[in-house]
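These notes are about the structure you will find just below.
The values are calculated or read from the model by the stated rules, or taken from the named source; none is laboratory data. A quick note: this is a predicted structure, and the numbers were derived from the prediction, not measured. FYI the Cβ positions are ideal-geometry reconstructions off the backbone, even for glycines, and counts take in every protein chain you see. Remember, those area values only see protein heavy atoms, side chains included, never the ligands or the DNA or RNA. Shrake-Rupley method; radii C 1.70, N 1.55, O 1.52, S 1.80 Å.
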Amino acid sequence: MEAMIPLFVAIPLISAFLIVLLSKLINGFHKIFAPFSLLALLFMAVYIFTNLDNTSMTYAMGGWGLLNDLPIGIFLVLDGFSILMLGIINIIGFIALFYSLSYISKYTAESNYYALFCLIIAGMNGVVLSGDLFNLFVFLEVSVISSYALVAFGVGKTELEASFKYQVLGGLASMLILLAIGLIYWKTKTLNIADVRNVMSGGFSRPYYIFVQVLLLTGFGLKAAIIPFHAWLPDAHSSAPSPISAMLSGVLIKAVGIYVLIRLFFNMFEFTHEIAVVFTVLGTISMVIGSLVALVQWDVKRLLAYSSISQMGYIVMAFGMGMILLIKGDNEPAAILAIGGGIYHMINHSVFKGLLFLNAGALEYRLDTRDLKQMGGLSKAMPVTSSTSLMASMSISGLPPFNGFFSKLIIIIAAVNGKFYILAVLAIVISIITLAYFLKFQHYAFYNRTPLKSLDKIREVPFPMTSSMILLAILCLALSLLALPSVNEAVLHPAIQVLMQSDLYSITLIP
Amino acid sequence: MSVYILSFVLFLVGLYGVITRRNLIKIVISLSIMEFSIFMILVLVGYIDNGLAPIVDPASGGQIYVDPLPQAMVLTAIVIGLATTSMLMAIAIRLYRKYKTFDIRELKNLRG
Amino acid sequence: MEGMSIIVKKVSQLLAGLIFVYGIYIILHGHLTPGGGFAGGAIIAGAFILLILANGSSALNLKKEISGSSNTESLAILMVVVLAMMSLAFGVKVFFSNFLPKGEPGELLSAGVIPLYNIFIGIEVAGAILTIFLALVIFKEESSK
Amino acid sequence: MELTISIILGFMIIGAIYALHAKDLLSAVIAMGIVGYGLVICFLLLKAPDLAIVQIVVETITLVIMVAVVLDSTRKEVEIKLDRRTIINILTGFVVFAGLFYFFILAIQNLDPLGAHSLRMSEAYVEGAVEKTGSVNLVTGVLFDFRAYDTLGEAVILYTAALGVLTLLRIKGKK
């Protein structure tokens, strides 16, 4: 089973190259080949997930394993946390690609789109699997460079400007990350995440430690669009083609932003109280400001983009609370709840935010506008889009019985148990504000009657789009099963375990 | 340590450029300058006094060589830099065709 | 873009040939002397760029060239991945394993698969840089029509 | 050694500042090229001939691309008015930079000074590496054997950029 790990990167790479080569010769090759290769990835992820049972696997690239207990090659690491991320990436990726089959047909150079899509998946899988800092950086660049190109895929004014802004801020973030990697190598003489932890535990100077942490926090915070670093997100996510928005908002900011932050700050650095507080504060600020700005948006996709910032705030806040509780060390159940809630909400958010962006794409596909004021009364004309978006909206604003309700509930219970009463109140208030702006979205898009007169011309979107929306909506309902203790134990527990016992990661790799 | 500090000054010059310049080309130049400074720091880290360039002469033994790993990292980073610069230039030239200027303040379609 | 005078064209043809051969030398000796696939590939791309600049883009059929260079790079990088997975066929469950005999260090034919990687990476880099340059030139030509 | 490199770095900083303030975009691009070539000399002094070759070629190609773009469009720098907001921005920037600079000096205080680097993990890349990989050039050995996976990623990045540039420079986006 270990030999399957590098295939997560190799298969999408090979399919990208083959698509570029063969789509000129064989008509429609890309449309058949790309979904199948992503489906294969999805099956592999599910297969590994069912067989992993609470252990972690490592894979030494090139056969260069440990030499005198030092990792000299590149290690790929697959544990409970990364397999969850792999699952999310490949599920959302497959569904978004299936959706693209009809959505992208109005653009030119379709085959390049599919090739870039495979590259973005390959990059994210590489980031999630990598156990080596520099390798992580390289695959991060693969995924973000293909996302720069995909954001500007329509080559209109807005797309190009958004992509330029995204590239400049992304480039800045990459520079900060590379500088941090250089500083880490300077001190520890190693690049392996587990090995860095082992060396760092032998003592370090405090200013150095803080400087590196600040660089990494800023760099990956820019990729994750936590609030003061969010400036690029609303533009990039709203001007990209809708399946790409679903990928960016649903998966990319988590895989290259939150996932790496959590991995580094839980499993590479020792916890420090300052960083834990910074995490919590940044998360809270993102949560509040993101939702307040979303409230006044009239562009559907900008509204969704700001809501992404707000929901990312929930996740970061949950992990920050978990960190603080772990440092205090007297309230372990609450810490488990907080971290588990964070992971749960991360999974849920990628599903419902992906679905919402696909809904917005369906609206744009038929109406050619993203302005809420020009929509209205679409619930009859587009029943599937309307009903699935209603489910997603209820889910994101935390109404039972959808998945969003349970994950938010777990986070709030954790906050109460951990005596963060203000944060608990804020989380509830923001949840209500979220409900308010999604009610606005529902009302103006699907129920309000006034502006659109030629309603009878508008039909439901084609089959690939409706089926992928329905699939995600079912997933929204199904994921609420994770709230059941037994399912929770099986799915989320390995991931929580990796983060709770922060030494576990380095011990399993380097005994 | 003066070389490291000067390299970091170069980094700050690049950062200053990214923040204050309003010209698309100048922003690209600033990012390249930041890149250069990081390459410099990485190569400086790997340097060893009296070390030889990492090309082994099979005949002689017992020599000190400089650390090859940072050099491999910088090689990778140089190629990444080429990739990002060319992507940025492609977008810059397209934006110029649309707006007839490189001024970033003229790009008005984006808010906040 | 107009071409330059006949003297420049002839001299650049000569020089481009020399640069091309130098690039191949750098690639082939990547495991012995400084340089390798990346440097050599970029040098080869430089030779082509020199020819294009001297002859002028209007004189050449760039549409054909760009699809050729893009195909070449796809094929080359596909070969790199195939080479990386080749060791799976040899029964070792390891990617990027150096499965060929190492040979005598310092000889041209040594270091197992490393020279092969160098060659394919060199072709890929040359193709990629040339594709980027040609795309810029073609865009300039077509959008100014 | 340290002095020579410091002097070259000083020139690079001056070149960088000139590049950011030049009124003519062409001279800004050329000044950036000078900074890049200064880097090549530093690489040679620091015993990194592989990097020097790659950097000199890549820098030349970057320059060709940038000069082509600048000559095709405009050479004029945009006007920056020194109104109050800009001045406040620049001043806060300088405060932040001073803080970062101080922080950096504090952070690197206890790290190895130039030339005192010790090998730990990369010992394996030097000691007996020729027998392990068969490559006399250690950098090539690291690139294509010990860390060949990184190199694959790097080639993929260049490939992605080429594909991205092809995608971005289509004349028509929608059918």
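May I ask you to verify whether D:Asp72 is under 21 Å from B:Leu52 (Cα atoms) and within 12 Å of chain C (Cβ to nearest Cβ)?
Criteria not met by D:Asp72.
Kindly evaluate A:Gly131 against the criterion of being within 9 Å of chain D (Cβ to nearest Cβ) and not aliphatic (A, V, I, L, M).
No: the conditions fail for A:Gly131.
Among the numbered criteria (1) open to solvent by less than 60 Å² (accessible area, probe 1.4 Å); (2) over 17 Å from C:Ile44 (Cα atoms); (3) part of a helix (DSSP H, G or I), which single criterion is violated by D:Gln55?
Unmet condition: (2).
Would a scan of segment A:311-319 turn up a residue that is open to solvent by 10 Å² or more (accessible area, probe 1.4 Å), within 18 Å of the chain's Cα centre (by Cα), within 25 Å of A:Leu169 (Cα to Cα) and not polar (S, T, N, Q)?
no
Just wondering, is there one or more residues in segment D:141-164 that are open to solvent by 30 Å² or more (accessible area, probe 1.4 Å), part of a helix (DSSP H, G or I) and without any contact (Cβ under 8 Å) to a residue 12 or more places away in the chain?
Residues of segment D:141-164 open to solvent by 30 Å² or more (accessible area, probe 1.4 Å): none.
No: segment D:141-164 contains no residue that is open to solvent by 30 Å² or more (accessible area, probe 1.4 Å), part of a helix (DSSP H, G or I) and without any contact (Cβ under 8 Å) to a residue 12 or more places away in the chain.
Return a yes/no flag: does segment D:75-85 have any residue that is surrounded by fewer than 15 Cβ atoms within 10 Å (Cβ to Cβ), within 8 Å of chain A (Cβ to nearest Cβ) and over 30 Å from C:Asn118 (Cβ atoms).
No, segment D:75-85 has no match at all.
Cβ-Cβ under 8 Å, sequence separation 6+ or interchain: first residue in segment A:422-433 and within 11 Å of A:Tyr314 (Cα to Cα), partner basic (Lys, Arg). Which pairs?
Partner pairs satisfying both residue conditions: A:Ala427/A:Lys408; A:Ser431/A:Lys408.
Which numbered condition trips up D:Gly93, out of (1) closer than 17 Å to B:Leu6 by Cα; (2) modelled with pLDDT under 90; (3) in contact with a helix residue (DSSP H, G or I) (Cβ under 6 Å, 6 or more places away or on another chain); (4) in a helix (DSSP H, G or I)?
Unmet condition: (1).
Can you tell which of B:Tyr47, B:Tyr65, B:Tyr96 is over 27 Å from C:Gly37 (Cα atoms) and within 7 Å of chain D (Cβ to nearest Cβ)?
The conditions single out B:Tyr96.
Restricting segment A:466-485 to residues that are small (Gly, Ala, Ser) and at pLDDT 85 or above, which is surrounded by the most Cβ atoms within 10 Å (Cβ to Cβ)?
Pass one, segment A:466-485, residues small (Gly, Ala, Ser): A:467-468, A:473, A:478, A:480, A:483.
Next, only the ones that are at pLDDT 85 or above stay: A:467-468, A:473, A:478, A:480.
Values: A:Ser467: 14, A:Ser468: 27, A:Ala473: 24, A:Ala478: 11, A:Ser480: 19.
Among them, the one singled out is A:Ser468.
Let me confirm something: among B:Phe11, B:Phe39, which residue is at the interface with chain D (Cβ under 7 Å from one of its Cβ atoms) and open to solvent by less than 10 Å² (accessible area, probe 1.4 Å)?
B:Phe39
Considering each of A:Ser105, A:Ser143 in turn, give the residue that is assigned to a helix (DSSP H, G or I) and open to solvent by 10 Å² or more (accessible area, probe 1.4 Å).
The conditions single out A:Ser105.
Evaluate the following for A:Tyr437: is it open to solvent by less than 10 Å² (accessible area, probe 1.4 Å), more than 25 Å from A:Met323 (Cβ to Cβ) and not in a loop (DSSP other than H, G, I, E, B)?
Answer is yes for this residue.
Taking segment D:107-140 as the region of interest, how many residues are open to solvent by 10 Å² or more (accessible area, probe 1.4 Å) and either charged (D, E, K, R) or more than 25 Å from the chain's Cα centre (by Cα) (or both)?
10
Tally up the residues in segment A:351-394 that are β-branched (Val, Ile, Thr) and not in a helix (DSSP H, G or I), please. Spell out how you get there, then give the answer.
First, the residues of segment A:351-394 that are β-branched (Val, Ile, Thr): A:351, A:369, A:384-385, A:388.
Narrowing the set further to residues that are not in a helix (DSSP H, G or I) leaves A:369.
Residues meeting the conditions: 1.
Only one residue in A:Ser37, A:Ser23 is of a type outside the set (Lys, Arg) and either on the phi > 0 side of the Ramachandran plot or over 23 Å from the mean Cα position of the chain (by Cα) (or both). Which one?
Working: A:Ser37 fails: either on the phi > 0 side of the Ramachandran plot or over 23 Å from the mean Cα position of the chain (by Cα) (or both).
Residue meeting the stated conditions: A:Ser23.
From the list A:Ile289, A:Ile285, A:Ile244, which residue is among the aliphatic types (A, V, I, L, M), modelled with pLDDT of 90 or more and surrounded by 24 or more Cβ atoms within 10 Å (Cβ to Cβ)? I'd like the intermediate steps shown before the answer.
Working: A:Ile289 fails: surrounded by 24 or more Cβ atoms within 10 Å (Cβ to Cβ); A:Ile285 fails: surrounded by 24 or more Cβ atoms within 10 Å (Cβ to Cβ).
The match here is A:Ile244.
Closer than 16 Å to B:Val43 by Cα, touching a Phe, Trp or Tyr at 6+ places or on another chain (Cβ under 8 Å) and not hydrophobic (A, V, I, L, M, F, W, C): is that true of D:Asp112 in this structure?
In short, yes.
Which one of these does D:Phe104 not meet: (1) within 14 Å of chain A (Cβ to nearest Cβ); (2) surrounded by fewer than 17 Cβ atoms within 10 Å (Cβ to Cβ); (3) out of contact with any Leu (no Cβ under 8 Å at 6 or more places or on another chain)?
Unmet condition: (2).
For D:Phe94, indicate whether it is more than 29 Å from B:Pro68 (Cβ to Cβ) and either away from chain C (no Cβ under 14 Å) or open to solvent by less than 60 Å² (accessible area, probe 1.4 Å) (or both).
Yes.
Those residues that are open to solvent by less than 10 Å² (accessible area, probe 1.4 Å) and of a type in the set (A, V, I, L, M, F, W, C), I need them from segment B:42-60; list them, please.
Residues satisfying the conditions are B:Leu42, B:Val43, B:Leu44, B:Val45.
When segment A:177-209 is examined, which residues are found to be among the aliphatic types (A, V, I, L, M) and open to solvent by less than 10 Å² (accessible area, probe 1.4 Å)?
Across segment A:177-209, the qualifying residues are A:Ile177, A:Leu178, A:Leu179, A:Ala180, A:Ile181, A:Leu183, A:Ile184, A:Leu191, A:Ile193, A:Ala194, A:Val196, A:Met200.
Does D:Glu127 fit the bill of being modelled with pLDDT of 85 or more and among the charged types (D, E, K, R)?
In short, no.
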